[in-house]
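*Asks:* First the structure, then my questions, so here it is.
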Amino acid sequence: MSFAKLSASALAIAAVSATTAAARDNVQVAGSSTVLPYASIVAELFGENTDFPTPVVESGGSSAGLKRFCEGVGENTIDVANASRAIREKEIKACADNGVTDIMEVRIGYDGIVFASQQSGPAFTAFQPADIYNAIGSKVMKDGALVDNSFNNWAEFNGDLPDVEIAMFIPGTKHGTREVFEDKVLLAGCETTGAMEAMIAGGMSEDDAEDACLDVRTDGKSVDIDGDYTETLARIDTNPNGIGVFGLAFYENNTDKLKVATMGDVAPSTETIASGEYPVSRPLFFYVKKAHIGVIPGLKEYAQFFVADEIAGGSGPLANYGLVADPELASTQDAIANEATMGSGS
Amino acid sequence: MTDASMPTPETGRHSVSLTAPDARTRKRAQAEKRFRAYGIIAIATGLFFLVVLFTSILSEGIPAFKRTVVSVEFILTQQDREEAESELFKTKAYSNLFVTALKTELDERGLNVDINEDAIERLLGKVGGTIRTFYSENPDKLGQPVRFDLAASSRVDGYYKGRVTREAMQDSRFLQKSDLDLVDAMEKAGIIKQAFNWPFITGADSGVDNPGGAGIGASVVGSFFMMLVVLALSLPIGVAASIYLEEFAPQNRFTDLIEVNISNLAAVPSIVFGILGLAVFIQFMHLPQSAPLVGGLVLTLMTLPTIIISTRASLKAVPPSIRDAALGVGASKMQAVFHHVLPLAAPGILTGTIIGLAQALGETAPLLLIGMVGFVARGYPDGFVAGFTEANSAMPAQIYTWASRADVAFYEKAWGGIIILLMFLLTMNIIAIILRRRFERRW
């Protein structure tokens, strides 16, 4: 019977592959969708420029990537986790519980978060953190009192902004971008509008007030986007009043569709982000499992290649795509060369 | 329905004419007409959406099959090559050599525009990799003139396809308005031209800054190996299970339970199979991540119920008289099944299998969890076994990846990928229809 032959050969193949599976020869990377574009550029170049096979880079978000990273040591776990935020204490502990103790932290550069709207839409040209907080915070100051957010239009709290309905598309909680958005925009806005002070005056502890500042309204004026920036772009495309939160590189690739607003009177650009003038930016990282160096061929070379001056430096392909080069790249390079791990004082 | 045979009372019937329909007949006729109209409206709505879908897919996707190339003769000397190879970023060095050569060529032709190396670099896609691969495969071509057709940058490509216009574009480090004058001049000189996009069909995925180098070929191969696994596992298992359930198994609570569960399994969302695949095949069995083998195993689980259900239906459709006749002339039950029932049910089984495979071919969700989505389809596997174990993507996963990239050129590639995926699906479905038409028997 041909069925029998087919299934027999299938089983044979499965058996063969199960045994060859023990020797993975490519670097396996997963994590942040913000770092993914850069990692895919480096992975392609690494395959083209070295004798090692091209690494596999998966997406999924910083938290998901670090979770997989911390699953353990061994060839069926990933070697590198991309993250658009620093690893958390909790995650380091989870890693340690699973035997992943020596972690190398590599900072590849900085990324700016920009606020953009439809090119032909209303004139959203300048925001302050306070404006964003007033638009989407769950409790805001209105006429000197802390109330549930009932603002419908931007002009209600800032006459300089267009008199159109509030519609913001912000990164969902699984994105590392959300954290920097909360820290640098919502929290800052909460403080400057006086909402935080009012919360503390109302009997909250400082920590609780900080948490409360990060709550966004749930009446549909603020929409969490769990997908990629393309999803945000699609929402902006269909909603002329929509304001989206994007990465700088994504915006720069779509300047014909989007116009960007200044934040705190500074226009986002690689220069203003590198100098620290633009307030909403964050470092991007990847984490390397030291135990895999020497086991997975090309792992250390991949990390070194990633942060080489020619690649991650100011005139390299990553900067050309929109990454803000790290001024301290040299020390990162040294750290990788010495295989310095986190907490080992480097 | 016995009214017709009953002796009809004569009341009120005398006024009825045989030629003119009475009120109730008219009403019934109208109801029928209305119903037909509903049917036609339903079909027309369906067709309308189909047409809209197809035109949007074709209009968005067909540009992906064309590309803009810069076509020039280029000489690379042994010394140039050695210098380039000594650097860390080798492909950039090759790219720089090409830019210099192109500038010399343009200067010689005497184009009436400003030419500088930065502008040329902006016009070109990522060409270094192509050049380096060419010379490492053909070292004998060193020192000889070679004509290269290299991809232009995605924005120059967009200029030809209408994505980028002089009015809407803004000067950026990717492209400046003055560069377009150079593009026009180079087109007049025959250096920039449009060509069929073979690399899109045969190539592998590329980095996000290199849409010109992206192709779907590698992921087609990934899909092919996955389908091999699905076919080799789900067909024998599915057919054996359904023959046993249909022909041999006793009818009791236990087989009823199995039957209900198979139907349930067919309705389970595919992502669930992905989670299962991650837990069982990768974390427990330690099979390689991102491998078509694992993808195939996961999709097998998903396809099995479809195949079992359709196989059982076609076995049921074989009339009992065939079995009775075979058993009557002394065949064993197994002989009756394998010699008579199974061949008659085969067309239905194959149709079901092909439809199941087509479904599996278009599936992305389970692949998300086993690492086949991302920058994965990096090249062709070397060898048959490697095809199963080396990391690869699949067509729908590749399309999904492209659709989420920042550069609009990738969006176009995603639509082009959909066209290719649809062609495969269409072919499979047509084969299924032909099989059914030619071999199916009705009793």
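*Asks:* Name the long-range amide H neighbours of A:Ile243: under 5 Å, sequence gap of 5 or more, or other chain; modelled H, no Pro or chain starts.
*Replies:* Those qualifying (amide H under 5 Å, at least 5 residues apart or on another chain) are A:Ala167, A:Met168, A:Phe169.
*Asks:* Which net charge results for the neighbourhood of B:Ser263, defined as the other residues with beta-carbon distances under 15 angstrom from its beta-carbon, given Lys and Arg at +1 and Asp and Glu at -1?
*Replies:* Net charge around B:Ser263: -1.
*Asks:* Multiplying the sequence separation of A:Asp309 and A:Glu271 by 0.36 nm and subtracting their Cα-Cα distance, what value in nm do you get?
*Replies:* Working it through step by step, the gained length comes to 11.9 nm.
*Asks:* Now for a different question. Would you please give the FRET efficiency between B:Lys27 and A:Asn152, computed as 1/(1 + (r/R0)^6) with r the Cβ-Cβ distance and R0 = 60 Å, to the nearest 0.05?
*Replies:* Step by step, r from the Cβ atoms, then E = 0.65.
*Asks:* Is there a simple number for the mean count of other chain Cβ atoms within 10 Å of the Cβ of residues in B:231-244, and what is it?
*Replies:* Partner Cβ neighbours, averaged per residue: 3.
*Asks:* Using a Förster distance of 56 angstrom, determine the FRET efficiency expected from the C-beta separation of B:Lys333 and A:Leu214, and round it to 0.05.
*Replies:* For R0 = 56 Å, the calculated efficiency reads 0.20.
*Asks:* For the Cα atoms of chain A, what angle does the longest principal axis make with the long axis of helix A:36-49, in degrees from 0 to 90, nearest 10?
*Replies:* Result, in degrees: 30.
*Asks:* Turning to a different aspect of this structure: On C-alpha positions alone, give me the angle between the axis of helix A:229-238 and the longest principal axis of chain A, in degrees, nearest 10.
*Replies:* 40 degrees
*Asks:* A:Glu75's amide H: which non-local residues (gap 5+, or another chain) put their own amide H closer than 5 Å, with H modeled 1.01 Å from N in plane and none for Pro or chain starts?
*Replies:* none
*Asks:* Now for a different question. Among B:Lys126/B:Lys413; A:Lys221/A:Lys257; A:Lys257/B:Lys177; A:Lys174/B:Lys126; B:Lys33/B:Lys316, which pairs are too far apart, with a Cα-Cα distance over 26 Å?
*Replies:* Over 26 Å apart, Cα to Cα: A:Lys174/B:Lys126; B:Lys33/B:Lys316.
*Asks:* Ok, one more. What does the highest-first list of B:328-335, A:104-111, B:75-82 look like by mean Cβ count within 10 Å?
*Replies:* Put in order of decreasing packing, that is A:104-111, B:75-82, B:328-335.
*Asks:* I would also like to ask the following. State the extension gain, in nm to one decimal, for the chain segment bounded by B:Val146 and B:Arg109, taking 0.36 nm per residue of separation less the distance between their alpha-carbons.
*Replies:* 11.5 nm
*Asks:* Among A:Phe286, A:Phe52, A:Phe115, which one moves the most in a GNM of chain A with springs linking Cα atoms closer than 10 Å?
*Replies:* A:Phe52
*Asks:* If you stretched the chain out fully between B:Ile433 and B:Ser86, how much longer would it get, using 0.36 nm times the residue separation minus the C-alpha to C-alpha distance?
*Replies:* Extending this stretch completely gives an extra 119.1 nm.
*Asks:* Another one. What do you get for the angle between helix A:2-20 and the principal long axis of chain A? Use alpha-carbon atoms, 0 to 90 degrees, nearest ten.
*Replies:* 80 degrees
*Asks:* In which sequence would B:Lys90, A:Lys90, B:Lys413, A:Lys221 go, from the one with the fewest C-beta neighbours within 10 Å to the one with the most?
*Replies:* The order, fewest Cβ neighbours first, is A:Lys90, A:Lys221, B:Lys90, B:Lys413.
*Asks:* Using modelled amide H (1.01 Å from N, peptide plane; none on Pro or chain starts), what sits under 5 Å from the amide H of A:Leu258, excluding residues fewer than 5 places away?
*Replies:* A:Gln119
*Asks:* In nm, to one decimal, how far is the modelled label at A:Glu301 from the one at A:Ala96, with both set 7 Å along Cα→Cβ?
*Replies:* 3.4 nm
*Asks:* For a footprinting-style exposure proxy, rank B:Glu363, B:Glu121 by other Cβ within 10 Å, fewest first.
*Replies:* So the residues, fewest neighbours to most, are B:Glu121, B:Glu363.
*Asks:* Using a Förster distance of 22 Å, how high is the FRET efficiency between B:Asn138 and B:Thr100, based on the Cβ-Cβ distance and rounded to 0.05?
*Replies:* 0.55
*Asks:* How far is it, in nm, from the label point at B:Ala195 to the one at B:Val268 when both lie 7 Å from their Cα along the line to the Cβ?
*Replies:* If labels sit at B:Ala195 and B:Val268, their model points lie 4.9 nm apart.
*Asks:* Ranked from highest to lowest mean number of other Cβ atoms within 10 Å per residue, what is the order of the peptides B:254-267, A:28-41, A:158-171, B:195-208?
*Replies:* Ranking, from highest mean packing down: A:28-41, B:195-208, A:158-171, B:254-267.
*Asks:* Based on other C-beta atoms within 10 Å, arrange B:Arg36, A:Arg85 from fewest to most.
*Replies:* B:Arg36, A:Arg85
*Asks:* OK, next. In the structure shown, do any of A:Lys67/A:Lys90; B:Lys103/B:Lys161; B:Lys66/B:Lys193 have a Cα-Cα gap over 18 Å, and if so which?
*Replies:* The pairs that break the limit, which is 18 Å between Cα atoms, are B:Lys103/B:Lys161.
*Asks:* Indicate the helices, whole DSSP H runs only, in chain B that combine a mean Kyte-Doolittle hydropathy of 0.0 or more with a Cα extent along their long axis of 24 angstrom or more.
*Replies:* B:23-61, B:217-243, B:292-317, B:342-361, B:408-439
FYI, it's all coordinate maths here, none of it is from the lab. All figures in this text were calculated on a predicted structure; none of them were measured in a lab. Here Cβ is always computed from backbone atoms with ideal geometry, including for glycine, and neighbour counts include all displayed protein chains.
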